[in-house]
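Structure first, then comments.
The values are calculated or read from the model by the stated rules, or taken from the named source; none is laboratory data. Small disclaimer: the values here were computed from a predicted structure and weren't measured. Cβ coordinates were reconstructed from backbone atoms using ideal geometry, including for glycine residues, and neighbour counts include every protein chain displayed.
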Amino acid sequence: MVKIALIGAAGQIGTPLSLLCKTSDLFDEISLYDLVHVPGIATDLNHIDTRAKVTGYLAEDSGLQKALTGADVVVITAGIARKPGMTRDDLFQTNASIIRDIFTEIAATCPSAMCCVVTNPVNSTLPIAAEALKKAGAFEPTRLFGVTTLDVVRASTFAAHAIGIGSNPKDFKVPVIGGHSGATILPLYSQAQPPVSLSDEVLAGVINRVQFGGDEIVKSKQGAGSATTCMAYAGFRFIQAILKAQNGEPVTEEAYVYLPGISDGKKIAAELGVDYFAVKIELGKTGANKALPIGKISDNETKLLSVAIEELQKNIATALTFMSS
Ligand code: LMR
């Protein structure tokens, strides 16, 4: 029996993500939670001929608790999204308390679940989630992930776009480390497999596009929000990785995690001077088995890394201040 709970399922990421989960046939039970619409979305999804039983829960009658009960995996997409002119940090005021309250309930109801945070600003919402779990005595760093898979997806896609006709994004593997906003996102093209051969100028443009890919969508949607379908795709890819690892298949994926709580992560955190950071993670049956070292990076990437760390430290401090107040 595998149960997934999608928190924020009536939103523009949550709904396509629920469709991907239902069509995947990976689940026996899917629970949808949101403030509106989810009973109807569940009925709609239940007409699809896969085995998962979908149930929608609203806030009344302890809906969040019911949605989380027995969940093996929880994905949180709840909260508001960006509008033009906003940064992800502008979402903090609204989304911080939403994440705190959801994780307080997770700690009480399904403390052993694998939890994946999509809600922005991920650089800050993940530390908030960790602090809420800590306060309830339920923090297990190996089971808490900030989803940065969209940055990895963009890094291969935009490299293929720059190379041009005939190149397939799926052929490129580009590690992406750091955080999930602007300059904190650091694609490591020096480690791309196969190597990506672009001029310095074109490569700089590709790196910038990965870092600010979210803004490209916000601008293009002209006030109708931010990334939804590609984020649902990326979130689902991360969920699949977690489930594969639980079934004994070795998987590595980047994720934003609390490094000191993960095997081999303490050393990386000490070297970087930051506790929350996205690196390649070896996933296993019980979540994050090991944080993999960053490895050799180019001089330009070294410069970008120090900018990323400086910004991340601020994002993390904002979260910790919020949780201590
Ligand atoms: C993205 O990377 O597209 C998402 O985090 C949404 C956003 O606000 O940019």
Those residues that are of a type in the set (D, E, K, R), more than 23 Å from the chain's Cα centre (by Cα) and farther than 22 Å from residue 101 by Cβ, I need them from the range 29-75; list them, please.
-> 44, 49, 51, 53
Out of 249, 271, which single residue is in a helix (DSSP H, G or I) and more than 16 Å from the ligand (Cβ to nearest atom)?
-> 271
Evaluate the range 280-300: report whether one residue or more is assigned to a helix (DSSP H, G or I) and surrounded by fewer than 21 Cβ atoms within 10 Å (Cβ to Cβ).
-> yes
Note on the range 204-213: residues touching a helix residue (DSSP H, G or I) at 6+ places or on another chain (Cβ under 7 Å) and of a type outside the set (A, V, I, L, M) are 209, 211, 212, 213
With 265, 295 as the choices, which residue is more than 16 Å from the ligand (Cβ to nearest atom) and touching a strand residue (DSSP E or B) at 6+ places or on another chain (Cβ under 6 Å)?
-> 265
With respect to residue 22, determine if the residue is of a type in the set (D, E, K, R) and closer than 14 Å to residue 232 by Cβ.
-> yes
Do the conditions hold for residue 30, that is, is it assigned to a strand (DSSP E or B) and closer than 18 Å to residue 118 by Cβ?
-> yes
From 101, 151, 89, 171, residue being closer than 25 Å to residue 265 by Cα and among the acidic types (Asp, Glu) = 151
If you check 67, 108, 132, 71, which single one turns out to be in contact with a Lys or Arg (Cβ under 6 Å, 6 or more places away or on another chain), in a helix (DSSP H, G or I) and either hydroxyl-bearing (Ser, Thr, Tyr) or more than 16 Å from the ligand (Cβ to nearest atom) (or both)?
-> 132
Identity of the residue in the range 223-246, assigned to a loop (DSSP other than H, G, I, E, B) and modelled with pLDDT of 95 or more, that ends up farthest from the ligand (Cβ to nearest atom) = 228
Test residue 172 against the stated conditions and say whether it is among the aromatic types (Phe, Trp, Tyr), over 23 Å from residue 30 (Cβ atoms) and either at pLDDT below 95 or surrounded by fewer than 22 Cβ atoms within 10 Å (Cβ to Cβ) (or both).
-> yes
Check on residue 85, within 16 Å of the ligand (Cβ to nearest atom), small (Gly, Ala, Ser), surrounded by fewer than 24 Cβ atoms within 10 Å (Cβ to Cβ) and without any contact (Cβ under 8 Å) to a residue 60 or more places away in the chain = yes
Single match in 304, 312 (criterion: in contact (Cβ under 8 Å) with a residue 12 or more places away in the chain, closer than 21 Å to residue 89 by Cβ, within 21 Å of the chain's Cα centre (by Cα) and surrounded by 20 or more Cβ atoms within 10 Å (Cβ to Cβ)) = 312
